[in-house]
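> Take a look at this one; I'll ask things after.
The values are calculated or read from the model by the stated rules, or taken from the named source; none is laboratory data. This is a predicted model, so every value here is computed, not measured. In this analysis, Cβ positions are derived from the backbone assuming ideal geometry, glycine residues included, and neighbour counts consider all displayed protein chains.
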Amino acid sequence: MNGKKVSILVIGAGGRSTIYAKLVKLISDKAEIVGVAEPREFFRNRIADEHNVPQKYRFADWKEAASLPKFADAVIIGTQDRMHVEPAEAFAELGYHILIEKPLAPDIEGCYRIVAAAERHHVMLEVCHVMRYAEYTGILRRIINSGAIGEITSIQHLEPVGHWRYAHSYVRGNWNREDKSSNVLLAKSIHDLDWISFIMQKSCTAISSFGSLMFFKRENMPEGAAERCLDCKLAESCPYYAPGFYLKRLKEGHIDNYLESVTDTLTPESIMEAMRSGPYGRCVFACDNDVADHQVVNMEFDGGATACFSLVGCSQYRDRQTIIFGTHGEISCDGNKIVVYSYLRECTSEINIEPDNGTVTKHHGGGDKGCLEAFVDAVRNNDPSLILSDGEVSLESHLMVFAAEASRKYRKLINMAEWRFYQ
């Protein structure tokens, strides 16, 4: 297929698929979108119109697309977490190569089903662990593999989710309940456990975790607060006052998934109506959320190296922060700058990374772009080695998350060899 455009069918036209659709437009010499399946007309037609998709390949249900003979080389599956397994199995059977948003599924059985379907039908599967493909990740790996810091002994990795981002997605939004989506570690931070494993380049041998829903619950509702923000007398003193946040983003021109989750008509009037009646106008202490708002995960790897990951919902939004400790030196990084310190020379060297400027090519430090391009090139060249996050790799990352959640819930250390065996 080398030299031929990869034709792509998009399943689910929400925020993540919209990003990939924009990126496909930027590599139009290599790939094109030829079909879209999405129940919401506005989102379906937005991608379809941008890519001149014929009406016959615009579907309200992915099953309509799957009922036709194969008409594309590949499929991007960007549906909600609990809606991945069925379309993945169906399109694998039809012979489509699959790019699928993480997590694969909210349970290990679903994860195995997707990977098994891809293997059974001999199609390529790439999971969107986009941090593997970020520019700074590649630089970090080259520094580590050069021996500049010796052997890794420990990694500290922090994800400050951001108080507003957490409230939007995990208190009021689509990922606020395990029975609707998944636990927060799987939904938000499988990125991070996967990335730590990728940096460590060794298998995880043991894992433990602590965390809980500590703050965003009804018993912490201030006296005098109302069920909805618009009815609340405490708006001026509340950092989670919803109308102010969404109207400010609209006024400043930040048209993104935050606003489009609230309403597909981006006007002040529509936003205010959503605040009166929709889920995003609820008090953060009066929602039906049940996922943890903070969590730590401790990991041991082959050879004895350790890692500690912290997810923090109540935080200032900023880049992830990492320190990698080695036997000869250490590396500090935040996605924008990498600082290498040598124990022998007692000096530092810095590498500046082009910052995220808000453009689609810089999402996740360029990881979204790198992820899509790796998939397209793998399909074009029939070369699965170009994929850094195939099914086997992703299963291991999912197993780590499921083990961490078991440790958190049952307060026990998980031996990963035993965990893999019993799963």
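> With a cut-off of at least 1 residues that are buried (at least 20 other Cβ atoms within 10 Å of the Cβ), touching a helix residue (DSSP H, G or I) at 6+ places or on another chain (Cβ under 6 Å) and modelled with pLDDT under 95, name the helices (runs of 4 or more DSSP H) lying wholly within the stretch 52-146.
Numbers: elements: 62-66, 85-93, 108-120, 135-145.
So the answer is 135-145.
> Condition (residue is at pLDDT 95 or above, out of contact with any Phe, Trp or Tyr (no Cβ under 8 Å at 6 or more places or on another chain) and part of a loop (DSSP other than H, G, I, E, B)) applied to the stretch 156-173: is it met by at least one residue?
no
> Now, a different point. When the residues of the stretch 203-213 are narrowed to those that are more than 13 Å from ARG408 (Cα to Cα) and under 23 Å from the mean Cα position of the chain (by Cα), which ends up surrounded by the fewest Cβ atoms within 10 Å (Cβ to Cβ)? Reasoning before the result, please.
Going residue by residue through the stretch 203-213, those that are more than 13 Å from ARG408 (Cα to Cα) are 203-206.
Subset that is under 23 Å from the mean Cα position of the chain (by Cα): 203-204.
Details: SER203: 14, CYS204: 25.
My answer is SER203.
> Output the residues belonging to the stretch 241-270 that are in contact with a Lys or Arg (Cβ under 9 Å, 6 or more places away or on another chain) and either among the β-branched types (Val, Ile, Thr) or farther than 23 Å from VAL360 by Cβ (or both).
ALA242, ILE255, PRO268
> Taking the condition among the hydroxyl-bearing types (Ser, Thr, Tyr), touching a helix residue (DSSP H, G or I) at 6+ places or on another chain (Cβ under 8 Å) and either surrounded by 17 or more Cβ atoms within 10 Å (Cβ to Cβ) or at pLDDT below 95 (or both), does SER315 pass?
Working: among the hydroxyl-bearing types (Ser, Thr, Tyr): yes; touching a helix residue (DSSP H, G or I) at 6+ places or on another chain (Cβ under 8 Å): yes; either surrounded by 17 or more Cβ atoms within 10 Å (Cβ to Cβ) or at pLDDT below 95 (or both): yes.
Spelling it out, SER315 is indeed among the hydroxyl-bearing types (Ser, Thr, Tyr), touching a helix residue (DSSP H, G or I) at 6+ places or on another chain (Cβ under 8 Å) and either surrounded by 17 or more Cβ atoms within 10 Å (Cβ to Cβ) or at pLDDT below 95 (or both).
> Consider ASP368 against the criteria (1) closer than 30 Å to GLY147 by Cβ; (2) of a type in the set (Asp, Glu); (3) touching a residue at least 12 places away in the same chain (Cβ under 8 Å): it satisfies all of them except one. Which criterion is unmet?
Answer for ASP368: the failing condition is (1).
> Here is a follow-up. Considering VAL340, VAL376, which residue is farther than 29 Å from ASN183 by Cβ, of a type outside the set (Ser, Thr, Tyr), in the same structural domain as SER209 (by TED's automatic domain parsing) and not in a loop (DSSP other than H, G, I, E, B)?
Result: VAL340 is the single residue among VAL340, VAL376 that is farther than 29 Å from ASN183 by Cβ, of a type outside the set (Ser, Thr, Tyr), in the same structural domain as SER209 (by TED's automatic domain parsing) and not in a loop (DSSP other than H, G, I, E, B).
> Farther than 24 Å from VAL24 by Cβ and loosely packed, with under 13 Cβ neighbours inside 10 Å: is that true of THR327 in this structure?
Numbers: farther than 24 Å from VAL24 by Cβ: yes; loosely packed, with under 13 Cβ neighbours inside 10 Å: yes.
So THR327 passes the test.
> Of all residues in the stretch 351-374, which are at pLDDT 95 or above and acidic (Asp, Glu)?
GLU373
> Tell me, yes or no, whether the stretch 353-365 has at least one residue that is assigned to a strand (DSSP E or B) and surrounded by 13 or more Cβ atoms within 10 Å (Cβ to Cβ). Show your work before the answer.
Quick first cut of the stretch 353-365, residues assigned to a strand (DSSP E or B) only: none.
Within the stretch 353-365, not a single residue is assigned to a strand (DSSP E or B) and surrounded by 13 or more Cβ atoms within 10 Å (Cβ to Cβ).
> Checking MET200 against (1) surrounded by fewer than 17 Cβ atoms within 10 Å (Cβ to Cβ); (2) aliphatic (A, V, I, L, M); (3) touching a residue at least 40 places away in the same chain (Cβ under 8 Å); (4) over 19 Å from GLN295 (Cβ atoms), which test does it fail?
It is condition (1) that MET200 fails.
> So, one more: Do we find that ILE338 is surrounded by 14 or more Cβ atoms within 10 Å (Cβ to Cβ) and modelled with pLDDT of 95 or more in this structure?
On the way: surrounded by 14 or more Cβ atoms within 10 Å (Cβ to Cβ): yes; modelled with pLDDT of 95 or more: yes.
Yes: the conditions hold for ILE338.
> Considering only residues that are under 23 Å from SER67 (Cα atoms) and assigned to a helix (DSSP H, G or I), which ones fall in the stretch 4-20? Talk me through it step by step, then tell me what you get.
First, pick out the residues of the stretch 4-20 that are under 23 Å from SER67 (Cα atoms): 6-14, 17.
Within the stretch 4-20, just SER17 meets the criteria.
> Name the residues in the stretch 208-241 that are touching a Phe, Trp or Tyr at 6+ places or on another chain (Cβ under 6 Å), in a helix (DSSP H, G or I) and among the hydrophobic types (A, V, I, L, M, F, W, C), would you? Give the derivation first.
Of all residues in the stretch 208-241, those touching a Phe, Trp or Tyr at 6+ places or on another chain (Cβ under 6 Å) come to 218, 220-221, 229, 235.
Filter once more, keeping what is in a helix (DSSP H, G or I): 218, 220, 229, 235.
The answer is CYS229, ALA235.
> Does LEU413 fit the bill of being surrounded by 19 or more Cβ atoms within 10 Å (Cβ to Cβ), modelled with pLDDT of 95 or more and of a type outside the set (Val, Ile, Thr)?
Values: surrounded by 19 or more Cβ atoms within 10 Å (Cβ to Cβ): no; modelled with pLDDT of 95 or more: yes; of a type outside the set (Val, Ile, Thr): yes.
Spelling it out, it is not the case that LEU413 is surrounded by 19 or more Cβ atoms within 10 Å (Cβ to Cβ), modelled with pLDDT of 95 or more and of a type outside the set (Val, Ile, Thr).
> All but one of (1) in the same structural domain as GLN201 (by TED's automatic domain parsing); (2) of a type outside the set (Ser, Thr, Tyr); (3) touching a residue at least 40 places away in the same chain (Cβ under 8 Å) hold for ASN145; state the number of the condition that does not hold.
(3) is the only condition that ASN145 fails.
> Let me ask something additional. When the residues of the stretch 22-51 are filtered to those that are assigned to a helix (DSSP H, G or I) and touching a helix residue (DSSP H, G or I) at 6+ places or on another chain (Cβ under 6 Å), which remaining residue is surrounded by the most Cβ atoms within 10 Å (Cβ to Cβ)? Before the answer, list the steps.
Just the residues of the stretch 22-51 that are assigned to a helix (DSSP H, G or I), to begin with: 22-26, 41-50.
Restricting the remaining residues to those that are touching a helix residue (DSSP H, G or I) at 6+ places or on another chain (Cβ under 6 Å) gives 22-23, 47.
Values: LYS22: 18, LEU23: 20, ILE47: 23.
Filtering the stretch 22-51 for residues that are assigned to a helix (DSSP H, G or I) and touching a helix residue (DSSP H, G or I) at 6+ places or on another chain (Cβ under 6 Å), the one surrounded by the most Cβ atoms within 10 Å (Cβ to Cβ) comes out as ILE47.
> I've got another one for you. Is there a residue in the stretch 257-264 that is outside any helix (DSSP H, G or I), of a type outside the set (Lys, Arg) and not assigned by TED's automatic domain parsing to the domain that holds ASN176?
Looking only at the stretch 257-264, we keep the residues that are outside any helix (DSSP H, G or I), and these are 263-264.
Within this subset, residues satisfying the condition of being of a type outside the set (Lys, Arg) are 263-264.
Applying the additional criterion that residues be not assigned by TED's automatic domain parsing to the domain that holds ASN176 yields 263-264.
Looking through the stretch 257-264, at least one residue is outside any helix (DSSP H, G or I), of a type outside the set (Lys, Arg) and not assigned by TED's automatic domain parsing to the domain that holds ASN176.
> If you don't mind, there's one more thing I want to ask. Check the stretch 383-390 and report whether any residue there is surrounded by 15 or more Cβ atoms within 10 Å (Cβ to Cβ), of a type in the set (D, E, K, R) and either in contact with a strand residue (DSSP E or B) (Cβ under 8 Å, 6 or more places away or on another chain) or in contact (Cβ under 8 Å) with a residue 40 or more places away in the chain (or both).
The answer is yes, given that some residue of the stretch 383-390 is surrounded by 15 or more Cβ atoms within 10 Å (Cβ to Cβ), of a type in the set (D, E, K, R) and either in contact with a strand residue (DSSP E or B) (Cβ under 8 Å, 6 or more places away or on another chain) or in contact (Cβ under 8 Å) with a residue 40 or more places away in the chain (or both).
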